[in-house]
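Just so it is clear, none of the values below were taken in a lab; they were calculated from the coordinates. Note that this is a predicted model, so its numbers are computed, not measured. Counting neighbours? That spans all protein chains shown, and the Cβs are built from the backbone with ideal geometry, glycine included.
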Amino acid sequence: MLGALLALLAAAALHPAGAETPSAVLDAAAMPGLAPPAVLDAAAVPYLTAAGRADYRRFLLQATPRVFALAADGSWGWASAQPDMAATEARALLLCAQWGGKGCKVYARDLSVVWYGDVRAPGTPPGEVFAAGPGWSLLPDARFLWQGPGQARGAYVWAHGRAAGGQDSRGSQPQPHVRVFNNAGWDVFRFDRDPATDETEAAAGWMRAALKEVRRRGYARIIAGGQSRGGWNALQALSEPGLVDAVVAVAPAAHGARGSPAWAWALDDLRRVVAAARSPAARVAVVTFAGDEFDPDPTGRAAILRGLNAPHVGALLFLDRPVGLSGHGGGAEAQFTLRYGDCLLGFVEGQPGCPR
């Protein structure tokens, strides 16, 4: 009972009560390569009950900074995405202590196990920018586990959206479902763009160049994923056969929010993107949400996106306005990752699609 209450308090905003536990895809046994990172091994965490291990797996889906704390009596607490690491650690230890934990200690910090000074850290990605041009860059995200092209299942290239107010989104963390892929052995790259020059067609060309560089670096499988304009650009990558093996486009959009004059030609542009797709081997997942303020015509857009199937692409998974999720940022909700993270991974790797 103590553990269950602690789980609810520690992360009530991150995973609602009754949400399903992430599957064994997050366990170290599912990882490729020689030595899975210690932080992924939920079975190795001492003292925890089954409920505690289930909550530890949820912890593994969180953004950094993140800290998992526990005590010898089986109490635990975790926190993530606080203003800095010090605040995150203090919060995790406080939660552990508030629910009766005596002598709570930090077990994991970000990507490393640090239990009683036994630091077991994974490999870190190279600090270099893999590719760049005026207004854009492609770089490994050091906030994710790193395998390298020889060991990784593939590369997930994530493209952020373009903020309506012109804010700079470079450096922002990919949506939480990307951690499901990363925990399963996919390396994560960020496709960052300068908002001053981030126009749709220019960014599409930059993304193609970035994806070609990832392939040149030796990755056998490549996912292009993104949210909003990033998702739109990922769909545009399908126009070049063999450029990507999969696309995950979350709330793809490129014509501004409600009231934008560009809405008048938004559906026509989407038809052109779908018609231009020439990737018969690619597996494509598209997600839309009810109440999306960047969607000029939900029914019309859905009809167009359903045309993104053979011979344009190899397989289509279309999650059209799933119940219980809404708004342009629905893909960033914990409920989305808990419900769809594993099956998105499975779909990309050749399994059937996700249940609604």
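Which value results for Rg/Rh of segment 111-206 when Rg is the Cα radius of gyration and Rh the Kirkwood radius based on the inverse mean 1/r? It would help to have the intermediate numbers written out before the result.
Numbers: Rg = 15.2 Å, Rh = 14.6 Å.
Ratio value, two decimals: 1.03.
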Cα-Cα P(r), segment 187-254, percent of pairs per 10 Å interval: 22, 58, 19, 0
Quick one: Cα centre-to-centre distance for segment 175-204 and segment 252-301, in angstrom? 18
Taking the Cβ of residue 249 as the center, what net charge do the other residues with Cβ under 15 Å away carry, scoring Lys and Arg +1 and Asp and Glu -1? +1
Which value, in debye to the nearest 20, gives the size of the charge dipole of the chain about its Cα centre, when Lys and Arg are +1 and Asp and Glu are -1 at the Cβ? 400
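Enumerate by residue number the trypsin sites (Lys or Arg not before Pro) in segment 256-323 meeting two conditions: DSSP loop (anything except H, G, I, E, B), and at most 13 other Cβ atoms within 10 Å of the site's Cβ.
On the way: sites: 258, 271, 272, 278, 283, 301, 306; in loops: 258, 278, 306.
Answer by residue number: 258, 306.
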Overall Cα dimensions of segment 220-356 - principal axes, largest extent first, Å: 42, 33, 21
Please work out the C-alpha center-to-center distance from segment 102-152 to segment 303-356 and express it in whole Å. 27
Compactness of segment 265-306, expressed as Rg and Dmax over alpha-carbon positions, Å: 11.2, 32
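Taking loop as defined by DSSP and a crowding limit of 12 other beta carbons within 10 Å, which chymotrypsin sites (Phe, Trp or Tyr not before Pro) in segment 190-295 fit?
On the way: sites: 191, 206, 219, 232, 263, 265, 289, 294; in loops: 219, 289, 294.
Passing sites in segment 190-295 do not exist.
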Could I get the Rg over Rh figure for segment 122-163? Both from C-alpha atoms, Rh via Kirkwood, rounded to two places. 0.99
Two-decimal Rg to Rh for the chain - Kirkwood Rh, Cα set: 0.98
So for each of 120-131, 170-181, 312-323, 153-164 I average, over its residues, the number of other beta carbons within 10 Å; can you give me the resulting order with the highest mean first? 153-164, 170-181, 312-323, 120-131
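In percent, what relative contact order does segment 108-187 have, based on Cα pairs under 8 Å that are 6 or more apart in sequence? Let's see the in-between values first.
Working: 89 pairs, mean separation 21.2, N = 80.
With pairs under 8 Å counted, the relative contact order is 27 percent.
At 222 nm, what helix-only mean residue ellipticity would the chain give, in deg cm²/dmol to the nearest 500, using -39500 (n - 2.57) for each DSSP H run of four or more?
When only DSSP H runs of four or more count, the value is -8500 deg cm²/dmol.
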